[in-house]
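> If you scroll down you'll find the structure; I have some questions about it.
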Amino acid sequence: MKLNKASLFALISVLELASDAERQLSTTDIAKKYCISTHHLAKVMRNLVHEGVIQAIRGVGGGYRFAGNINRTTLLDIIQLFETMESELDLPHWGEDGNPIVAELQSVTNEIDNLTKAVLDTITLATALKNSRLREELLTNRKQPEAG
Amino acid sequence: MSEKIFIRNAKPSDLDAVVGLDEVGQREVKQAYWQGIFDHYVKSGRADRICLVAEKGNAVVGFIVGEVRAWEFGSPPCGWVFALSVAHAVREMGIGQRMFDEICSRLKQSGINTVRTMVDLDNKLTLSFFRSVGMCTGRYIELERQID
C-alpha cells in the first residue's frame, strides 16, 4: 500500500492537531515540523476544513484546530477524503467479462484492499495517538540511560 | 455519584445476565451455548479458563471470557479472548479495558505472554476496541471457503 501525498499530509496534520484539541497550528508550523511542502499542505488543509475535520481560526495567532471526535474518527475516514483505497489493475482494455487470469488478479487485489481497509477503519485517532505516545515514552526511556 | 465498577470471577448465578448482554444470536440458542461455557469456564475452577464479569451496583454490566490454548495451529501456549461485551449504557467508561487488563493479568500469571482474539471483519466496534488496547494483526491469518 502506498498512500498518496495528500492522504499522508492529511493524516499527519489531523493527528498533530488532534493530539491537543485546544492548540492552534498554522500550515507553516506543521510543514516545518515534518519537512513537507507548505504549498501542498495548504491545499490539504483547505479540504480538511471543507470536510469539517479541522477548523480555521482567523486573526492574529490564528491557524487550525481539530474539530472532530478522536474516538469516532478513524485513519480510513481521513484517507478516504483524498483517495478511494481501491487497487486498480493497469489494464485499460479490461472489462467485466474479460480474461479469467485478470479476474483472478483483481480478486487478489480486492482481498488485499479489504484487509487494508479493515485495519485502517478500526484504528481511531485516539488509538493512533495513544500508540504514538507509547512509542515516544519508549524512545525517551531508551535515551535516559545514555544521558545518565 | 456514579457507582464503582468491580471486575470479578463470574459465578453460576451470573448466567442470565451474561446471556442478556450477549448481542449475538437468538436467546434460546444462546442459553444453551452459555450454559456450556459456564460449565466449562466458571464451574471448572481452573486458572487457565477465565470468565470475568464487570459489576456495577448489583448489576452485571459486562463480561469477558478467555483461556490458555496450546499447540493449536502450531502455536505455543497463548491466551485467547473469545467473548467480550459491555452494556450499552456503560460503554466508553473504560470497563472493557479493565476487563481486558484483568484477563491479561490472569493469563500472565499462567505463564502466558501473548493474547489473541478473532473478530468479524465488519464488527468495527469490537475491532476498534481491541486496537485501542494495543492489539494488532498477528502472525496467523484466518482462511476460509464455502463448501459447495
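The values are calculated or read from the model by the stated rules, or taken from the named source; none is laboratory data. Everything quoted here is computed from the prediction, not taken from an experiment. Cβ: placed from backbone, ideal geometry, glycine included. Neighbour counts: every protein chain shown. Only protein heavy atoms, including side chains, enter the accessible area calculation; ligands, DNA and RNA are left aside. Shrake-Rupley method; radii C 1.70, N 1.55, O 1.52, S 1.80 Å.
> Pick from B:Asp120, B:Asp148: which is within 14 Å of chain A (Cβ to nearest Cβ) and exposed (fewer than 13 other Cβ atoms within 10 Å of the Cβ)?
B:Asp120
> Also, I was wondering about something else. Please pick out the residue among B:Ser132, B:Ser110, B:Ser44, B:Ser128 that is farther than 24 Å from B:Phe6 by Cβ and over 14 Å from the mean Cα position of the chain (by Cα). Steps first, please.
Values: B:Ser132 fails: farther than 24 Å from B:Phe6 by Cβ; B:Ser110 fails: farther than 24 Å from B:Phe6 by Cβ; B:Ser44 fails: farther than 24 Å from B:Phe6 by Cβ.
Going through B:Ser132, B:Ser110, B:Ser44, B:Ser128 in turn, just one is farther than 24 Å from B:Phe6 by Cβ and over 14 Å from the mean Cα position of the chain (by Cα): B:Ser128.
> Is it true that some residue in the range A:4-26 is under 13 Å from the mean Cα position of the chain (by Cα), among the aliphatic types (A, V, I, L, M) and open to solvent by 60 Å² or more (accessible area, probe 1.4 Å)?
Here is the first cut: in the range A:4-26, the residues under 13 Å from the mean Cα position of the chain (by Cα) are A:4-18.
Adding the requirement that they be among the aliphatic types (A, V, I, L, M) leaves A:6, A:8, A:10-12, A:14-15, A:17-18.
Of the ones still in play, those that are also open to solvent by 60 Å² or more (accessible area, probe 1.4 Å) are A:8.
Yes.
> Let me ask you something else. Looking at B:Gly62, B:Gly74, B:Gly57, B:Gly66, can you tell me which residue is more than 19 Å from B:Val24 (Cα to Cα) and open to solvent by less than 40 Å² (accessible area, probe 1.4 Å)?
Step by step, each of B:Gly62, B:Gly74, B:Gly57, B:Gly66 is checked, and only B:Gly57 is more than 19 Å from B:Val24 (Cα to Cα) and open to solvent by less than 40 Å² (accessible area, probe 1.4 Å).
> Okay, moving on. Within the range A:63-81, is even one residue open to solvent by 40 Å² or more (accessible area, probe 1.4 Å), more than 30 Å from A:Ser107 (Cα to Cα) and more than 17 Å from the chain's Cα centre (by Cα)?
Looking through the range A:63-81, none of the residues is open to solvent by 40 Å² or more (accessible area, probe 1.4 Å), more than 30 Å from A:Ser107 (Cα to Cα) and more than 17 Å from the chain's Cα centre (by Cα).
> Right, B:Gly96: under 16 Å from the mean Cα position of the chain (by Cα), among the small types (Gly, Ala, Ser) and within 30 Å of A:Asn71 (Cβ to Cβ) or not? Talk me through it step by step, then tell me what you get.
Numbers: under 16 Å from the mean Cα position of the chain (by Cα): yes; among the small types (Gly, Ala, Ser): yes; within 30 Å of A:Asn71 (Cβ to Cβ): yes.
Criteria met by B:Gly96.
> Scan the range B:30-51 and tell me whether some residue there is open to solvent by less than 20 Å² (accessible area, probe 1.4 Å) and within 21 Å of B:Val133 (Cα to Cα).
yes
Residues checked against (1) more than 14 Å from chain A (Cβ to nearest Cβ); (2) within 23 Å of A:Thr127 (Cα to Cα); (3) open to solvent by less than 80 Å² (accessible area, probe 1.4 Å):
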residue: B:Ala87; (1), (2), (3): yes, yes, yes
residue: B:Glu92; (1), (2), (3): no, yes, no
residue: B:Arg98; (1), (2), (3): yes, yes, no
residue: B:Ile112; (1), (2), (3): yes, no, yes
residue: B:Arg116; (1), (2), (3): yes, yes, yes
residue: B:Val133; (1), (2), (3): no, yes, yes
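> Let me ask you something else. Collect the residues in the range A:1-59 that are β-branched (Val, Ile, Thr) and not in a helix (DSSP H, G or I), keeping them in residue-number order.
From the range A:1-59, those β-branched (Val, Ile, Thr) are A:12, A:14, A:27-28, A:30, A:36, A:38, A:44, A:49, A:53-54, A:57; that's our starting set.
Scanning the range A:1-59 gives A:Ile36, A:Val53, A:Ile54, A:Ile57.
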